[in-house]
Structure formats: C-alpha cells, structure tokens
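The values are calculated or read from the model by the stated rules, or taken from the named source; none is laboratory data. The structure displayed is predicted, hence computed values, not measured ones. All Cβ positions, even for glycine, are placed from backbone atoms using ideal geometry, and neighbour counts span all protein chains on display. Keep in mind that these areas ignore ligands, DNA and RNA; they rest on the heavy atoms of the full protein, side chains included. Shrake-Rupley method; radii C 1.70, N 1.55, O 1.52, S 1.80 Å.
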Amino acid sequence: MASPIRILTAVPICDGHDSAINTINLEFIRHGIEVIYLGYHRSVGDIVRAAIQEDVRAIGISSYNGGHVEFFAEVVDLLRKRGASGIKVFGGGGGTISHEDAAAMRGKGVDQIFFAGTSLSKMTDYVRKHYGKQRMKRAPAKSPEIELAQKLTKIEENKESRKSKVEARKKEKGKKLRTSRRSRVIGFTGPGGAGKTTLIDELVLRFLNEDSKRRIAILSHDPSVIGEGALLGDRATMINSQNDRVFMRSMATRGQAGGLSPATHDCLALLAKSNFDYVIIETVGTGQEAMPFQKNGIVDLTVLVMNPDYGSRLQLQKIVMLDLAGIVVVNKSDLQRARTAHSEIEQRLEQNRRDQLLIDTVAKQHRDPGVDRLFDLICGSEQPQRGKARNKS
Amino acid sequence: MSKLGQVVEAVEKYNHFVIDQVKRARSDEKFGGELINRWNETKAKTPVTHTPTGLPLPRLALPEIDEPGEIARYLFGEGLPGEFPFLNGAYREMYLEPVREIETGSYGKKASANGAKQKAGGDSVRPPEEPTRLFSGLMLAEDTNERFHYLTQHQRTHRLSTAFDGPTLYGIDSDAYGVFGKIGEGGVAIDTVEDMVRLYDGFDLGSPNFSASMTISGPAPIIMAMYIAAAKRRFGPKVVPKLRGTIQADIFKEVQAQNETIFPIEASLRFLTDMVEFTTREMSRWYPISISGYHIGEAGSTPVQQAAYTLSNGFAYAEMFTSRGIPVDQFGPRLSFFLDCGLDVEYIALARVSRRIWAIGMRDAFGAGPRGQLFKLHTQTSGRSLIAAEFKNNLTRTAAELMLAYMNATNSCHSNSADEPFTTPGEEWIRLAAHGQAILLEESGIFKHTMNMLSGSPGMKAVERAVEAAILDEFREIERLGGVLAAVEDRFQRSQIQNAAHRYEQQIYDGTRPIIGLNKYRNGEDDAPEIKLARTPRKKQQLQVDRLAKFKKKNAEKAKRALDKLVDVVERGENCFPALLEAVEVASLGQITLRLQGVVGKFRPMV
C-alpha cells in the first residue's frame, strides 16, 4: 500500500485567519492525508524550513490579510534557492485573491489557487490527484538537511511495504548503531494533555540559548485517525523549535499502538548518528500500559511527563512507565492537585528503590525554575544512562 | 466558585424574584394597585408623535395589559427602556426623531471599536444627521491622516476609527525580517510615537468633539501609551484627562478566536490591567477595552457561544480589575461591547438577552451602580455571512442583519459593504452600506416614531427564553472548567468555536443551510465587482523602514535606559504603564515588544 500523502499547511506572517485552514485540515485528514500544520502568523523562512525537514509533497497556504502575491512567490523562490523545488505550493484566500492575482501567482510558480466557494471535496481531490502519485526516482539531495529528510521519508515509506518490515528491524537493532552514534537521545512520554510539547519547546529554548552552536533534532508523534490521515500539529505550538539549528520531524503513528510509529526506531537511529547534540523524541499521549521506550534501547534518558489529574492514587500503580522512567515530571504544578500528586508519585517511586527523580514544572510559564532544573539534569550528566537516572537532586 | 458562578446564581435568583413579584402583584392588592397606577401613569406621560401621514402614535409602545401580574412581569422581567434589567434598551429613547423634549440620560457619543456610523439615544438634541465613522487605515501615517481629514471635512464632530497593519497588530517593527510587503497593508503602519503624531496631525485631540478609536489588542498598552505620548507632545500634559476614545484591548477574544496575541495570556492580562488602572483613573472619558464577540462570531461560533463567551470574558475582566483594587464604579462605566449580527434567528434577541444578563451580573455579583450595569453595545453586521457568489445579494443580507441589530436596540452599528468578500470595500459599496442604515432609521418609519416598535413579539420572547437558558448553560460549563481563564487555557472556547465553524461549513456543503446563489438558486455566473486595490508602494514601505532606522539611531542610548527601566518595573511586578509612557518616547513598538517578551515570554499559539 502506498504511504499517505504528507503536506504542510500554514497561514502567512501577520495573519491570524485560521478558521478556513482548520476546516480544510480536518477535511484533508479525513481523506487520508497527513497534514503537518504550522499554524498562523508564520514567516516564509519558517514555512520553507518546515516543509524541507518534513519532506512534504506540497505546501498549502491560506491567506486572508493581503500581500499574497508576494508572499506565495517568496515561498516558491526560497524553496528553489534551498534546492527543494520539488515541493509544490498551492493555496487560497476566499475572495481576497482575485483571478488576476491568481494568474500572477501561477506565473510565479504557484500550482493552484482555490477561490471562494470551492468545495472541500474539490480541494481534497486536487491534493490527492496532484500530490498523491508515487514519487519518481529522486534527484540527489542539494543539502545535508534535504538528504536527511529524504532518508527519513524512505524509511517511513519502506515500513509501509510489509516485506522489509521485520528484516529492517532485525538488521538495525544491532549493537553497531549504539556504538556509532554521537547524540544523546532523550525520550518524552506521558498521557495526552500533560504538556509534553510545551515542555520540550521550553527545553529547546534553553538548549539553543546556552550554546550558539548546538544542534537539536526532534522526532514528534501524533496519532493517525481512523483511516490513514493525521493532523501533526506540534510545530504550531513549538515556537522556539522553529529555528535553523533545530531539525524537527513529525510522524503519524500509522496504525501502531503504544505511542510511536512503525518507522520510529529506524528514524531515531538515523537521527542519532546524524551529528546532533541532542535528539528528542516525543510519543503521542500514552495510556497506562504503554512502554514506548525499551530498556537498553536507543533512548538514553526517559522523561515521563504527568498531569496532576491522573485520578486516584491507585491509578499510579498501573502506570508502567513509572517503573521505567529516569525522570518523572509533574507538569502544571500550579494546579490545585499538584501537591497531592507530587507526594503520591514520590511514594510510588520509592517502591521502585531506584534513583528516579521527581520534578515539578509549570512549562507554560516563561523561565520556570522547574524547567530550568530539568534542563540542568538533562545536560548535566555527560554519560548516557540506560533506564536509570543517576543524578541526585 | 468564580464570579461567573455567582453571575449564574444571580440571574437564576433574579428570575425567581420576577416570578415572586408576579405572584405578589396578584395576591397583594396594595402592591398590585401601585403597579397598575405606575403603569397607567407611564402610559399617560408618554408623548404622542405624528407620522408623516398624520397618524398619532405613542413614542413608547407598551403591551396591552392591565392585569397586575403581567405588569409586574414586564416591569421587573424586562424593564422599560432605560430601566433595569434593560432588556428593551440601555436608554429611554433611541433612534427616535427629535421632538420637543430634551433627554436626561447621560448617554454620550461613545467611540466604538469599528463603528462606521454612530446612532444613539440622545441624538435627538443634536443637529440632524452627522457622521459616518469609517474604519480606516492605509499605508503610512500621513496617508491615513489625509484620509481622516477627507472623511471628516464636512463634519462637526471628528470621530476617527483606526485600522492598523499586520506588523503593528503583532507588535512587530516595519524593519523586522519577513514583513516587507505587509507594511501599510490593510491598515496603517505605526512603529513609533512620531508616526502617532503624524497619524492624528491637525486634529484637536483634547476637544469634546474629537474621539479616536483604535482597533488593536495584542500590543494595545504600548499603542495606548504612544497615543498619550503623541497627544502630550502636541498639546502638553494637561490634555491627558480630556482624551476621548476607545482601544479594543480584548485579550480573551484574541486567544479564543482572532489570534493576534503577542505575550502569554497571563502577562497580556497583567499589562491590560495596568493600562485600565491608569486610564480609568487619569482619563475618565476613555474606554480602555471593547469586549468583543464579533471576532468570535466571525471565527465561526454559534450566536449563543458568541454571547456566552463575550459576556463571560467581560465578567472575567471585571473580576480581574476588581481584584487589582480598581473600584467597580470606576471601571464599570468604561466597559463597552461589540457583537456580530448575522442571519440566524437567535440574533433577533441575542443582544437583548446579553444586556439583561450583564446588568444583573454587574449589579448583583459585582455591586455595580447604575452606570456600571449598562451593556453599551456596538454591532457590526456579519462579514462571514457575505458571499462572493452573486455578491449583490449581500446588500439584502446586510439589510436584514441591520434590522435585527436595531430590533435589539444596539447603541451603534456598522454595516458591511457588499464587496467585502473580495477586498477592502470600494467607495460605492461603502456608501450603499451606510445608506442602508439611513434608509432603515431615517427614511422608513420602523424605528423613528416609536420605541419598542418591534420588541416583545411572542416569537422574540421564545427566542429570549431559549437563548438565556443556553447562555447560562455555557456559563456553567465554563465554571465547571474552573472559570474563564482556566477554560481558555484548556482551549475550551477555541475548540467549541472550531467545531461550530466546521459544522456550519458542512451544512453549507450538504445543503441543509441554504445560501442563496451559492448552494441554492445558483445562477452559475459570478459577478465579481471591479476591484481597485490600494497597495502600498514599495517606495513608501521603504520610507517607513528608513524613518524607523533614523528614530532608532537617534534614540539608541535613551532607548536602552528606558527599556531597562521598563523591564525592571515589570520584574518587580509594579504597574508598568507609567514606565511604558516613558519608553514610547524613545523606543519603537517592536523594541518594546521584544524586551517585554524577554521578560514574560512569547505567546504560545493554540491549535
């Protein structure tokens, strides 16, 4: 079976009109398309960088604030400059884009403009017809970033053809990988709504600020909906991670349970040996039994992010990751229940008799001291830790 | 329980109170008799007006009831126009053509957020028909200034409504990366206090006949400070208490719907409160916030959601200002509202019900005096209801919406132009839109002879009951989520609005929501208007960038000191508005935004 189509959608800089694009995104994913949504008020640079890293087939731009002729053209130009003219550009803006404008935009390399009144199904059909064909053999990548992005795509697409699935996993699970890689790999998991994405983005800000040469990779996951599509929306909220020193890739789970995608392991292995200082992996919101990162796997340090509202303390006994995580974070520690949560989780961790750490954070707060502490812990220890966090608080 | 929970209780309690009064009027003969006397007196005192054909009509129409219970239900449940709980109107008379008497109400010429045309009770003593107030802003400050002068050249009162360009709305300087091309598009480019001086050049900012409206929220406190600084440069410090006008400054609706937020929510609210504390104390004629449902409606909410979120946002602001220690009777009268009016039947009573809930909530949950109970409303017809296909039908849509808005006794109204699905409106369509209001209010006899001409039909009452119950349900849900701020952070309103928008689109596509010319009675031919786009020439954009560079260079040293001081005040948690007033003298909008973001962070968008 062919892989789902991946496209990126966004709203231009200084434009907050996201009502249309939200509706269109939902329609796309309902028809099997994977949409990486970058959000509103986005610069040309952010859009092109994201499209290249995500190796999408096309960029859909929804513009309602004017200046569209220039903006669309700049996106096409920058793609060309970066050697990524294989990524197509389409879009719309209701009645704000006139027929003459659209003609001018097409002249500058835009594929298609949808006018007011275009039905959602017409747009979906267009995307499937024009961006859904199997890719021809691809030309050599014009930059290391494009090369990496294309390799990730290949891994993901190969996973779809079942034959290579088992073999590939066997082949790449060996020790060779672990010895050859350079990056420190940190895994984030936890229930949906705990604030993993915000927490990671706050850590990225600190990574970038602390050392102006540091490079980070992020592998983020969102669930596929029934059928094949998925809304991959982490980029929209990860404002600090839209940076030239951050390589981010959004993956859909494509039917696999447990919080990761069938291709995660191999993609992670590739990123880990690709010259990043840190590789961060974020699972989808997980359930109690989830165990996304294996002991002695490729992840050096596992961070479990909890929401204070996990229910009764009995629930804690059932959360498998509480046994495995190196660091447990109670995020949203400004909520009323946070103190209770802290002490209940503390007791639960004591049963394990391992040096697991428990930290309270308020990730939504700028310069939160809890996040600072988590950052120090992650950076502070040079040695990779497997399963155990050896830091003492 | 948050204040919103108390508001729900207050409305429930008030509704019981009304029923008790009805019973009492029926059982207590003395009380019933008093009510009947009062009722008859009101009727007897109502002046008689004559239509152009000579037909005599009362200036206030009241239901034909003589039973004390029903009279009690009317007087307590609805109130006469201008009386608590203000269901029928915030003022005793509105829209009526002048007769001999002089109004006693304190209603002034409120500056409105997006007002094109100002119509209000109390107009009757002024010289006839004045002023279209156009929402305008284009290119650079001097271009908009020229437009302002053109628009007001024949007007006695100068009421300007200012639209800002995208970079300004997002607190970004014109020389920032990636914004060239957006400078002066869709509004005026403002980077510095010098731009602000140019923008209103030639207008007497301290005059009682002048008011300025500024439609901006994210960086509102900075822009407000620039306005004050510009006024002081031109007229000296004594002008400050005389300044009249409004600034939108509605952070909650930005986060819920319009997406023009630049600081994290709590920091934004804090800066807003700093500004409100300052202006309500020092500038008693300024409206420092326009609590707006319009953008919530335009983003796709249902009418009930629009009213419920707007009102609850309003109560949340009131709670915030109160807990800062600002007296309710200081800020209460300085709040105003802005709602959308579309074609759904809810709109027949949406603003009426909102006015009632606001009055009860402010009186009983916040202890506000009479002036703080008024829900002063600006309405704009729905932009979202306008359709590109066979766009001239939009004239009819807007006319119907205007009818609904006036049936709700809105204090002022803006009617959209039929060509708005395509572009910023052209002059021909603007004129038609403004004339639509004049035709309804001045040409037709629907509103000018009699107050309450269309109030209180059985259908309207049915909608009122259903809408009020639905709004209270929304309040309860928000309360369950921990109040407005917690619900906002939980993305509750956002996701509700998005779901409603999606359902609306679905209904259009499956035909259950007929849109004439689009999915029904379609002609097939689109008759797009001829569009003349006013683009900002690159040369002008470059001029703005160059001017800004000069300003920055000139003030580099001073800016550093002023910004350090501002940051210091913010870190200490004091009211930062005075420091902001100093900073805008030497620093640009973008410089201030960036430094503040360094302290409080950037807004993290919600999806």
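Which one is surrounded by the most Cβ atoms within 10 Å (Cβ to Cβ), of the residues in segment B:327-353 that are touching a helix residue (DSSP H, G or I) at 6+ places or on another chain (Cβ under 8 Å) and in a strand (DSSP E or B)? Quick ask: steps written out before the conclusion?
So in segment B:327-353, the residues touching a helix residue (DSSP H, G or I) at 6+ places or on another chain (Cβ under 8 Å) come out as B:328-335, B:337-353.
With the extra rule that they be in a strand (DSSP E or B), the set shrinks to B:335, B:337-341.
Values: B:Leu335: 24, B:Phe337: 30, B:Phe338: 28, B:Leu339: 26, B:Asp340: 28, B:Cys341: 32.
This residue is B:Cys341.
Does segment B:291-299 include one or more residues that are within 14 Å of chain A (Cβ to nearest Cβ), part of a loop (DSSP other than H, G, I, E, B) and either within 24 Å of B:Gln496 (Cα to Cα) or touching a residue at least 12 places away in the same chain (Cβ under 8 Å) (or both)? Yes: segment B:291-299 contains one or more residues that are within 14 Å of chain A (Cβ to nearest Cβ), part of a loop (DSSP other than H, G, I, E, B) and either within 24 Å of B:Gln496 (Cα to Cα) or touching a residue at least 12 places away in the same chain (Cβ under 8 Å) (or both). Screening B:Ile387 against (1) out of contact with any Pro (no Cβ under 9 Å at 6 or more places or on another chain); (2) closer than 30 Å to A:Gly66 by Cα leaves a single unmet condition, (1). Residues that are in contact with a Gly (Cβ under 6 Å, 6 or more places away or on another chain), open to solvent by 20 Å² or more (accessible area, probe 1.4 Å) and more than 14 Å from every other protein chain (Cβ to nearest Cβ) do occur in segment B:390-403, at least one of them.
For A:Ile33, the conditions (1) open to solvent by less than 10 Å² (accessible area, probe 1.4 Å); (2) at pLDDT below 95; (3) farther than 17 Å from B:Ile497 by Cα all hold with the exception of (2).
Checked against (1) at pLDDT below 90; (2) of a type in the set (Ser, Thr, Tyr); (3) surrounded by fewer than 18 Cβ atoms within 10 Å (Cβ to Cβ), B:Thr536 passes all but condition (3). Filtering segment B:470-525 to residues that are assigned to a strand (DSSP E or B) and either within 10 Å of chain A (Cβ to nearest Cβ) or among the β-branched types (Val, Ile, Thr) (or both) leaves only B:Ile516.
For segment B:413-430, does any single residue satisfy the condition of being open to solvent by 50 Å² or more (accessible area, probe 1.4 Å), within 30 Å of A:Ser119 (Cβ to Cβ) and within 24 Å of the chain's Cα centre (by Cα)? I'd like the intermediate steps shown before the answer.
We begin by selecting, within segment B:413-430, every residue open to solvent by 50 Å² or more (accessible area, probe 1.4 Å); these are B:420, B:424, B:427-428.
After this cut, where a residue has to be within 30 Å of A:Ser119 (Cβ to Cβ) as well, the list is B:420, B:424.
Filter again for within 24 Å of the chain's Cα centre (by Cα), leaving B:420, B:424.
Yes; the residues of segment B:413-430 include at least one that is open to solvent by 50 Å² or more (accessible area, probe 1.4 Å), within 30 Å of A:Ser119 (Cβ to Cβ) and within 24 Å of the chain's Cα centre (by Cα).
Candidates B:Ala189, B:Ala163: the one that is open to solvent by less than 10 Å² (accessible area, probe 1.4 Å) and at pLDDT 95 or above is B:Ala189.
Scanning segment B:246-259 for residues that are acidic (Asp, Glu) and open to solvent by 10 Å² or more (accessible area, probe 1.4 Å) turns up nothing.
Looking across segment A:41-70 at every residue that is touching a residue at least 40 places away in the same chain (Cβ under 8 Å) and facing another protein chain (nearest Cβ under 7 Å), the one that is nearest to A:Gln150 (Cα to Cα) is identified as A:Gly67.
Could you tell me whether segment B:443-457 includes any residue that is in a helix (DSSP H, G or I) and not aliphatic (A, V, I, L, M)? Scanning segment B:443-457, I find at least one residue that is in a helix (DSSP H, G or I) and not aliphatic (A, V, I, L, M), so the answer is yes.
Looking at segment B:365-386 only, could you name the residues that are within 14 Å of another protein chain (Cβ to nearest Cβ) and open to solvent by less than 20 Å² (accessible area, probe 1.4 Å)? Reasoning before the result, please.
Looking only at segment B:365-386, we keep the residues that are within 14 Å of another protein chain (Cβ to nearest Cβ), and these are B:382-386.
Residues satisfying the conditions are B:Ser382, B:Ser385, B:Leu386.
If I go through segment A:1-18 residue by residue, how many of them are at the interface with chain B (Cβ under 9 Å from one of its Cβ atoms) and either surrounded by fewer than 23 Cβ atoms within 10 Å (Cβ to Cβ) or in contact with an Asp or Glu (Cβ under 8 Å, 6 or more places away or on another chain) (or both)?
Initial filter on segment A:1-18 (at the interface with chain B (Cβ under 9 Å from one of its Cβ atoms)): A:11-18.
Next cut, either surrounded by fewer than 23 Cβ atoms within 10 Å (Cβ to Cβ) or in contact with an Asp or Glu (Cβ under 8 Å, 6 or more places away or on another chain) (or both) only: A:11, A:14, A:16-17.
Summing the residues that are at the interface with chain B (Cβ under 9 Å from one of its Cβ atoms) and either surrounded by fewer than 23 Cβ atoms within 10 Å (Cβ to Cβ) or in contact with an Asp or Glu (Cβ under 8 Å, 6 or more places away or on another chain) (or both) in segment A:1-18 gives 4.
When A:Leu324 is tested against (1) more than 22 Å from A:Pro223 (Cα to Cα); (2) open to solvent by 30 Å² or more (accessible area, probe 1.4 Å); (3) out of contact with any Phe, Trp or Tyr (no Cβ under 9 Å at 6 or more places or on another chain), just one condition goes unmet, and that condition is (3). Residues in segment A:36-48 that are of a type in the set (D, E, K, R) and in a helix (DSSP H, G or I): A:Asp46 only.
Of all residues in segment A:299-321 being of a type outside the set (D, E, K, R), surrounded by fewer than 18 Cβ atoms within 10 Å (Cβ to Cβ) and touching a residue at least 24 places away in the same chain (Cβ under 8 Å), which is nearest to A:Ile281 (Cα to Cα)?
We begin by selecting, within segment A:299-321, every residue of a type outside the set (D, E, K, R); these are A:299, A:301-308, A:310-312, A:314-317, A:319-321.
Now narrow it down to the ones that are surrounded by fewer than 18 Cβ atoms within 10 Å (Cβ to Cβ): A:311-312, A:314-315, A:317, A:320.
Still in the running and touching a residue at least 24 places away in the same chain (Cβ under 8 Å): A:315, A:317, A:320.
Values: A:Gln315: 25, A:Gln317: 25, A:Val320: 18 Å.
Ranking the candidates gives A:Val320 first.
Answer with yes or no whether B:Val467 is touching a residue at least 24 places away in the same chain (Cβ under 8 Å), within 14 Å of chain A (Cβ to nearest Cβ), assigned to a helix (DSSP H, G or I) and among the β-branched types (Val, Ile, Thr). No, not satisfied. In this structure, B:Lys182 does not satisfy being part of a helix (DSSP H, G or I) and either more than 12 Å from chain A (Cβ to nearest Cβ) or surrounded by 24 or more Cβ atoms within 10 Å (Cβ to Cβ) (or both).
Consider segment B:592-607 and keep the residues that are touching a helix residue (DSSP H, G or I) at 6+ places or on another chain (Cβ under 6 Å) and assigned to a helix (DSSP H, G or I). The one that is most open to solvent (accessible area, probe 1.4 Å) is B:Arg595. Of the conditions (1) outside any strand (DSSP E or B); (2) in contact with a helix residue (DSSP H, G or I) (Cβ under 6 Å, 6 or more places away or on another chain); (3) within 20 Å of A:Leu8 (Cα to Cα), A:Ser261 clears all except one; give me its number. All conditions pass for A:Ser261, except number (2). Checking each residue in segment A:327-353 for being of a type in the set (Asp, Glu) and either under 28 Å from the mean Cα position of the chain (by Cα) or buried (at least 16 other Cβ atoms within 10 Å of the Cβ) (or both) picks out A:Asp334, A:Glu344.
Quick one: count up the residues across segment A:21-34 that are touching a Gly at 6+ places or on another chain (Cβ under 7 Å) and either within 13 Å of chain B (Cβ to nearest Cβ) or without any contact (Cβ under 8 Å) to a residue 40 or more places away in the chain (or both).
Applying the first criterion (touching a Gly at 6+ places or on another chain (Cβ under 7 Å)) to segment A:21-34 yields A:28-34.
Remaining after also requiring either within 13 Å of chain B (Cβ to nearest Cβ) or without any contact (Cβ under 8 Å) to a residue 40 or more places away in the chain (or both): A:28-30.
Final tally of qualifying residues: 3.
Screening B:Thr302 with (1) under 26 Å from B:Asp473 (Cα atoms); (2) buried (at least 24 other Cβ atoms within 10 Å of the Cβ) gives one miss only, at (2).
Checked against (1) touching a residue at least 24 places away in the same chain (Cβ under 8 Å); (2) open to solvent by less than 30 Å² (accessible area, probe 1.4 Å), B:Thr46 passes all but condition (1).
Within segment B:195-238, can you find the residues that are of a type in the set (Val, Ile, Thr), open to solvent by less than 10 Å² (accessible area, probe 1.4 Å) and outside any loop (DSSP other than H, G, I, E, B)?
Within segment B:195-238, the subset of a type in the set (Val, Ile, Thr) is B:197, B:215-216, B:222-223, B:228.
Keeping just the survivors that are open to solvent by less than 10 Å² (accessible area, probe 1.4 Å) gives B:216, B:222-223, B:228.
Those that are of a type in the set (Val, Ile, Thr), open to solvent by less than 10 Å² (accessible area, probe 1.4 Å) and outside any loop (DSSP other than H, G, I, E, B): B:Ile222, B:Ile223, B:Ile228.
Residues in segment B:137-151 that are of a type outside the set (Phe, Trp, Tyr), open to solvent by less than 10 Å² (accessible area, probe 1.4 Å) and outside any loop (DSSP other than H, G, I, E, B): 2 in all.
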